[in-house]
Amino acid sequence: MKARKQDRAATSAPEEPAIHPWRRLVALGDSFTEGMGDPDPRSEGGLRGWADRVAEELSAHQPGFAYANLAVRGLLVQQILDQQLEPALALKPDLVTLSAGGNDIVFRRSDPDRLAEKLDAAVDQLTRSGATVVMFAGPDWGATPVFSQIRGKVAILNENLHTVAAHHDAVMVDLWFLRELSNPGMWDPDRLHFSPLGHHTIAAAVLNALSVPHTLLPLVPKPPLPRSWKGARTEDLIWAREYLVPWVIRQLRHPAEEELTAKRPEPGPVSGFGGSGGPFVEGGHAA
């Protein structure tokens, strides 16, 4: 009799309250949101990335939480909006992340004011649907050879995006002022995408911006050893030959024509990929 009373008490115990209000996340964008630079064979599409890491944390205390990632590498702003906006709205998310414009600025030298106008219209549609929208101000590429020449355009686009976010009451994650990203360990060797540690750091920044408690502990990587001027220039030449030139050629060939597809086109439970969440583990392997 006593045991039956204990069983009833256990089954009637209240569930742990949710730590955030969202139940369906849809991520829109390009290679940054797809997770390039953060390989993980356990994740769908073989990439984990900051968006998967955010979804893992959001699902931890939210039964029924679902996540879709529509991002496709190489896309320009207009392509992202044409290919992903309506499908995203059809999934009826209550939380949307939108990052776009990097490929336009880096490879097309596009007008940042015009890009912001397009994104403003898209954010308007998303917020009118009732979803919380998360936006990103781009990182500072000032220390990267070649890309330092577009630093001014990135800064202008960022200021415009801050205005768009304020106008629509969107959540802004400002990567320009996330100074941890200036450490070389945060970047993939191609210097275009973030490393697993970079994606981990950005995921924590997103969750902080949403005021969601999480388990992604900050890591402070050791500074790299000092390099000679000759050594640094040699690394720059190797990077240009192995990464920059091939990337430019692929962009000029219109990557959308490769018929790449999103890695998570339909919302689904987060469990079953990318491990159980948690912090980044050194050595290049996601936790």
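Taking 0.36 nm per residue of separation and subtracting the current Cα-Cα distance, fully stretching the chain between Glu117 and Glu266 would add 50.8 nm. Given R0 = 30 Å, the distance between the Cβ atoms of Thr163 and Ala18 translates into a calculated FRET efficiency of 0.40. Each principal axis of the Cα atoms in region 72-115 has its own extent, and those three values, largest first, are 34, 19, 13 angstrom.
Restricting the trypsin sites (Lys or Arg not before Pro) of region 88-150 to loop positions (DSSP other than H, G, I, E, B) with no more than 11 neighbouring Cβ atoms within 10 Å leaves Arg109. Just the protein heavy atoms count here, and of the accessible area of region 77-159 at 1.4 Å, carbon and sulfur take up 48 percent. Between Asn208 and Gln149, the modelled labels are 3.4 nm apart [label points 7 Å from Cα along Cα→Cβ]. Residue-wise HN-Hα couplings along region 179-191, as the Karplus relation 6.51 cos²θ - 1.76 cosθ + 1.60 with θ = phi - 60° gives them from phi, are 5, 4, 6, 6, 6, x, x, 7, 10, 5, x, 6, 6 Hz; Gly and Pro carry x. With 0.36 nm allotted per residue and the present C-alpha distance subtracted, the Lys92-Ser182 stretch has 28.8 nm of extension available.
Just how large is the dipole of region 13-156 about the Cα centre, in debye to the nearest 20, putting +1 at every Lys and Arg Cβ and -1 at every Asp and Glu Cβ?
So the dipole magnitude of region 13-156 works out to roughly 300 debye.
The values are calculated or read from the model by the stated rules, or taken from the named source; none is laboratory data. The structure displayed is predicted, hence computed values, not measured ones. Every residue, glycine as well, gets a Cβ built from its backbone with ideal geometry; the counts of neighbours run over all protein chains shown. Accessible surface is based on the protein model in full, side chains and every heavy atom, while ligands, DNA and RNA are left aside. Shrake-Rupley method; radii C 1.70, N 1.55, O 1.52, S 1.80 Å.
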